[in-house]
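A.B. asks: The structure follows.
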Amino acid sequence: MKQIKFLDLQKINLAHQQEIEERLLNTFQSGWYLLGNEAKTFEENLKNYIGAKDVIGVANGLDALRLILRAYMEMGVMKAGDEIIVPANTYIASVLAVSDNGLVPVFVEPDDSTFNIDLNKIEEKISEKTKGIMIVHLYGRAVFSEDLKKLAEKYSLKIIEDNAQAIGAVWNGKKTGNLGDAAGFSFYPGKNLGALGDGGAVSCNDEELGKTIRALANYGSNQKYVNIYKGLNSRLDEIQAAVLDVKLKYINAENDSRRAIAERYIAEIKNPTIILPELPENPAEHVWHLFVVRSENRDQLINDLLEKGIQTLIHYPIPPHKQKAYEEYNGLSFPVTEKIHEEVLSLPISPVMSDEEVQKVIAVLNSL
Ligand SMILES: *Cc1c(COP(=O)(O)O)cnc(C)c1O
């Protein structure tokens, strides 16, 4: 058997080749490439899919999160120096969105068994300056609770969802991206809903917030040549919107395929040196963007798997607070987060993996 790639993007996209080609040809021939029908159609379809009142297409996932916080600042809800609670265990983009706005990230350790922010450790980090909680549905697993909502109400905090990895996940009957006050989505090619380049979106239920974000993403303007904010240029182009609109139709089926693989891995991998991720009681809560195992002997495991033709990746090798970019936080200690970063390894998982490939990953891990 050929090498099993960590993620075969070519195969994922070729599965929709004909439909994508037709839509792209249409867009090409239309002569309209920004802020047109394709973006409008995709925004409408994503809005219906998520169940939110508004969706705004933007240039990428980082911008989606930056724009949410920026809009809250323009609306007077937040100001520079205010604090936003973020998980210590996340991809750096969640933190960049906060610091880029002159807001201060306050890190909270994750729950060891879900990798997601420990909901019981949030309240102790709330100060006079706290204005928001950014939750990250890491690896595709939803994190939320009624208590979190109550906590946000008690302290008048906005809940911002980083939904870059969890499109399609459902918590208590509601999709992620519709659980808090606003959510950012990424359509980076490797995400569960991936474009052929960069793309992102914001969802929210607040009309003023949606309007502010739409203006901010378009030079701070709602009306051509009239600028009410010092905005930026962050738009989802027509080509990417066309591709995403095709792929959105298949996201549930593709997430189901990921779930089936995750369930097989969890049932069939029997290797005492590997800790498998937890299957949530309600399978809908997880869309398995990544299947992340833990090993105290990670380097050895990577090499053993590679020798047998299985590619893996680490998500992520260095936590945000230990990055050079955040030197000011390098002295902080988050032992749960740091241990996770030393041990995690992502196995191949995707909607186009064959049964034989899944079988091989299981067999190889069980033979080590
Ligand atoms: C991918 C990702 C982002 C950033 O999205 P881009 O589209 O790459 O800018 C933000 N947060 C998380 C958790 C991500 O995985």
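A.B. asks: Post the alpha-carbon centroid distance, region 57-108 to region 207-251, in whole angstrom.
C.D. replies: Cα centroid of region 57-108 versus Cα centroid of region 207-251: 18 Å apart.
A.B. asks: Sum -39500 (n - 2.57) across every DSSP H segment of at least 4 residues in the chain, then divide by the residue count to get the 222 nm mean residue ellipticity, nearest 500.
C.D. replies: -11500 deg cm²/dmol
A.B. asks: Follow-up. Just to verify a number: FRET efficiency for Asp355 and Asn252, C-beta to C-beta distance, R0 = 25 Å, to 0.05?
C.D. replies: 0.75
A.B. asks: Could you work out how far apart the two model spin labels at Lys224 and Ala267 are, taking each label as a point 7 Å from the Cα in the direction of the beta carbon, and quote it in nm?
C.D. replies: Output for this residue pair reads 5.9 nm.
A.B. asks: May I pose another question? Once you order the gyration tensor axes a ≥ b ≥ c over the Cα atoms, which shape class does region 48-176 get: rounded for a/c under 1.5, otherwise prolate or oblate by comparing a/b with b/c?
C.D. replies: Rounded, because the longest to shortest axis ratio a/c is under 1.5.
A.B. asks: Taking Rh as the Kirkwood radius, which is the inverse of the mean 1/r over Cα pairs, what is the Rg/Rh value for the chain?
C.D. replies: Dividing the radius of gyration by the Kirkwood radius yields 0.97.
A.B. asks: If you take the charge dipole of the chain about its Cα centre, with +1 on Lys and Arg Cβ and -1 on Asp and Glu Cβ, which of Asn163, Ser234, Val95 is farthest toward its positive end?
C.D. replies: Result: Ser234, furthest along the dipole toward the positive end.
A.B. asks: Hey, another quick one. Roughly how far apart, in whole Å, are the Cα centres of region 316-343 and region 10-40?
C.D. replies: Answer, in whole Å: 40.
A.B. asks: Before anything else, pin down the relative contact order of region 273-313: Cα pairs under 8 Å, at least 6 apart, normalised by residue count, whole percent.
C.D. replies: 36
A.B. asks: Check cross-link reach from Lys2 to the lysines: straight Cα distance under 18 Å, and skip same-chain residues fewer than eight apart.
C.D. replies: Qualifying lysines at Cα under 18 Å: Lys11, Lys308, Lys360.
A.B. asks: Another one. Based on the Cβ-Cβ distance of Leu306 and Ala284, what FRET efficiency does E = 1/(1 + (r/R0)^6) give at R0 = 35 Å, to the nearest 0.05?
C.D. replies: E(calc), rounded to 0.05, equals 0.55.
A.B. asks: Sticking with this structure for a sec: Compute for region 190-291: radius of gyration divided by Kirkwood radius, i.e. Rg/Rh, restricted to C-alpha atoms, rounded to two decimals.
C.D. replies: 1.16
A.B. asks: Which peptide among 90-102, 2-14, 177-189 comes first, and what is the full order, when sorted by highest mean count of other Cβ atoms within 10 Å?
C.D. replies: Highest mean packing first, the order is 177-189, 90-102, 2-14.
Every number in this text was worked out from the coordinates using simple rules, so none of it is lab data. Values in this document were obtained by computation on a predicted structure and should not be read as measured data. Backbone-built Cβ (ideal geometry, glycine too); neighbour counts: all protein chains shown.
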